[in-house]
Amino acid sequence: MKSPCVIILPLLLFFLFSCASDKPVMIVKDGARDYEELALEHYNRGDYETAVLYFEKALEEDQKVNNLPGISSGLHNLARCYSNYGYYDNARKLLAEALIVNEKAENPGGMADNYVLLARIEVLEKDYDRALELLDSAYELYENDRDKKGMGTVLNNRGSIFI
């Protein structure tokens, strides 16, 4: 009678311990990053359709484990794809979601990146005043985050609008 307990008890303890560790979460996050990497390869080749599929898979994985940085990145990347297709309303909706996630994650750099992409969409739709407002918001966030590269990007974009 003792032998089943001797076998079952260690298996039960192993199962409970494995459930309590972060390993499954890390595996999911790593899988999401793999999908994101594949998506970026396709995006950089101009294959936006395949990039969207992989960005969506990465987003799904990040949502499973509530990985806020991954979720905001996924939403932002999907918005980039949709803006390249000219689906500006879809891109805006995704960026609005990304802003909420970045605010919740206290990620000012991510919020600034979202504002820069929103400004790009406004430029494409020839609303230059709105684009400048968004870039001002992005600059302030980058400045508070001491992100000189981001600040430079905003200044470059502002200069392009004035030209």
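Here, each number is a calculation from the coordinates, and none is a lab measurement. Values in this document were obtained by computation on a predicted structure and should not be read as measured data. Positions of Cβ are generated from backbone atoms using ideal geometry, with glycine treated the same way; all protein chains shown enter the neighbour counts.
Listing for the model above:
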read-out	value
Length-normalised contact order of segment 53-163 in % [C-alpha pairs under 8 Å, at least 6 apart]	18
Helix 88-104 vs. the chain, principal-axis angle (Cα, 0 to 90°, nearest 10)	60
Distance (nanometres) between label positions extended 7 Å along Cα→Cβ at ASN84 and THR50	1.2
Top of PRO108, PRO24, PRO69 by mean-square fluctuation, Gaussian network on the chain, Cα under 10 Å	PRO24
Residue order, fewest to most beta carbons within 10 Å, for MET151, MET111, MET26	MET26, MET151, MET111
For VAL65, distant residues with modelled amide H under 5 Å away	none
Under 27 Å between alpha carbons - lysine pairs in the chain that sit 8 or more apart or on different chains	18
Gyration tensor verdict on segment 70-163 (Cα atoms; rounded if a/c is under 1.5, prolate if a/b is larger than b/c, oblate otherwise)	oblate
Separation of the MET26 and ASP129 label points, Cα + 7 Å toward Cβ, nm	5.3
